[in-house]
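Here is the structure we will look at.
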Amino acid sequence: MTEAAEDRYLPQTGFAAKLNWLRAGVLGANDGIVSTAGLVVGVAAAASSTSTILTAGIAGISAGAISMAVGEYVSVSTQRDAEAALLAQERRELKEDPADELAELTAIYHSKGLSAETARQVAEELTAYDAFAAHAEAELGLNPDELTNPWHAAFSSAVAFTVGALLPLLAILLPPTAARIPVTMVAVLLALAVTGSVSAWLGGSNRVRAVARVVLGGALAMAVTYGIGQLADVAGI
């Protein structure tokens, strides 16, 4: 095992993994909110037609969800391929030099605070029970039976994006024409404050800074697209 590989694949509890998936879902929803809000606000600034705004919103949600799904699928597939390669290498090493692998496993547990004798006993017992699983967990932080499924990741990403994107679309379609943009901006900024707060809580970071970043980013996105829409309206485009 190389040091780079050991640094990249650290052991992770099931609870921590679930929190990371939840955080990824929140961030996906945040992307859906910001990108769709910017799109529909820009279109609404240039055109008052409900059908035009609806068409643009649906097209934006569809394109965004597909893009998120494809990106997540490629990313997780690459990660899974790397994990599979490391697991295959570990299996080969166990077959070719089991004594050296046992010594390596003993050293890992000794470095965690066990005495040399206890570390050796633990390594021997784990090796006798399931050597491959023991080395995969201790060296790579992986469970060979629970590798991330790229299809699940792609589906989750698309759903999270779509759920987030529906809020600005509904916010701009339901109010009267004159109130569309103000209502949408308020709804979007409130939603971003919530997603920023939840994301910070899940990641253990400062909530005020996290909320400020996403709210300011969302406000900037809507301000820019609103300005572009106004310019297009004035120019008669």
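Can you name the residue in segment 198-215 that is exposed (fewer than 13 other Cβ atoms within 10 Å of the Cβ) and not hydroxyl-bearing (Ser, Thr, Tyr) and is also modelled with the lowest pLDDT among such residues? Break it down into steps so the answer makes sense when it comes.
Applying the first criterion (exposed (fewer than 13 other Cβ atoms within 10 Å of the Cβ)) to segment 198-215 yields 204-206, 208-209.
Adding the requirement that they be not hydroxyl-bearing (Ser, Thr, Tyr) leaves 204, 206, 208-209.
Values: Gly204: 79, Asn206: 87, Val208: 92, Arg209: 90.
The extreme case among them is Gly204.
Checking the conditions here, which among Leu166, Leu142 is of a type in the set (A, V, I, L, M, F, W, C), under 30 Å from Ser77 (Cβ atoms), in contact (Cβ under 8 Å) with a residue 24 or more places away in the chain and not in a helix (DSSP H, G or I)?
Values: Leu166 fails: not in a helix (DSSP H, G or I).
Among Leu166, Leu142, only Leu142 is of a type in the set (A, V, I, L, M, F, W, C), under 30 Å from Ser77 (Cβ atoms), in contact (Cβ under 8 Å) with a residue 24 or more places away in the chain and not in a helix (DSSP H, G or I).
Matching residues to (1) at pLDDT 95 or above; (2) open to solvent by less than 60 Å² (accessible area, probe 1.4 Å); (3) among the polar types (S, T, N, Q):
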| position | (1), (2), (3) |
| --- | --- |
| Gly28 | no, yes, no |
| Ser77 | no, yes, yes |
| Arg80 | no, no, no |
| Leu86 | no, yes, no |
| Glu96 | no, no, no |
| Glu101 | no, yes, no |
| Ile108 | no, yes, no |
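Regarding segment 55-72, can at least one residue be identified that is over 25 Å from Leu192 (Cβ atoms), open to solvent by less than 70 Å² (accessible area, probe 1.4 Å) and out of contact with any Gly (no Cβ under 6 Å at 6 or more places or on another chain)?
Kept after step one, since they are over 25 Å from Leu192 (Cβ atoms), are these residues of segment 55-72: none.
Scanning segment 55-72, I find no residue that is over 25 Å from Leu192 (Cβ atoms), open to solvent by less than 70 Å² (accessible area, probe 1.4 Å) and out of contact with any Gly (no Cβ under 6 Å at 6 or more places or on another chain), so the answer is no.
In the list Thr195, Thr148, Thr177, Thr225, which residue meets the criterion of being within 21 Å of the chain's Cα centre (by Cα), open to solvent by 30 Å² or more (accessible area, probe 1.4 Å) and β-branched (Val, Ile, Thr)? Before you say what the answer is, go through the steps one by one.
Values: Thr195 fails: open to solvent by 30 Å² or more (accessible area, probe 1.4 Å); Thr177 fails: within 21 Å of the chain's Cα centre (by Cα); Thr225 fails: within 21 Å of the chain's Cα centre (by Cα).
Checking each option against the conditions leaves just Thr148.
Ile33 versus (1) closer than 14 Å to Ala160 by Cα; (2) surrounded by fewer than 19 Cβ atoms within 10 Å (Cβ to Cβ): which is the lone unmet condition?
Unmet for Ile33, out of (1) closer than 14 Å to Ala160 by Cα; (2) surrounded by fewer than 19 Cβ atoms within 10 Å (Cβ to Cβ): (2).
Taking Ile237 as meeting all but one of (1) modelled with pLDDT of 90 or more; (2) surrounded by fewer than 20 Cβ atoms within 10 Å (Cβ to Cβ); (3) not charged (D, E, K, R), write down the number of the exception.
(1)
Within segment 109-142, how many residues turn out to be over 32 Å from the mean Cα position of the chain (by Cα) and among the basic types (Lys, Arg)?
Count: 1.
The values are calculated or read from the model by the stated rules, or taken from the named source; none is laboratory data. This is a predicted model, so every value here is computed, not measured. Using ideal geometry, Cβ is built from the backbone for each residue, glycine included, and neighbour counts are taken over all protein chains shown. Note: accessible area is taken over every heavy atom of the protein model, side chains too, but ligands, DNA and RNA are not part of it. Shrake-Rupley method; radii C 1.70, N 1.55, O 1.52, S 1.80 Å.
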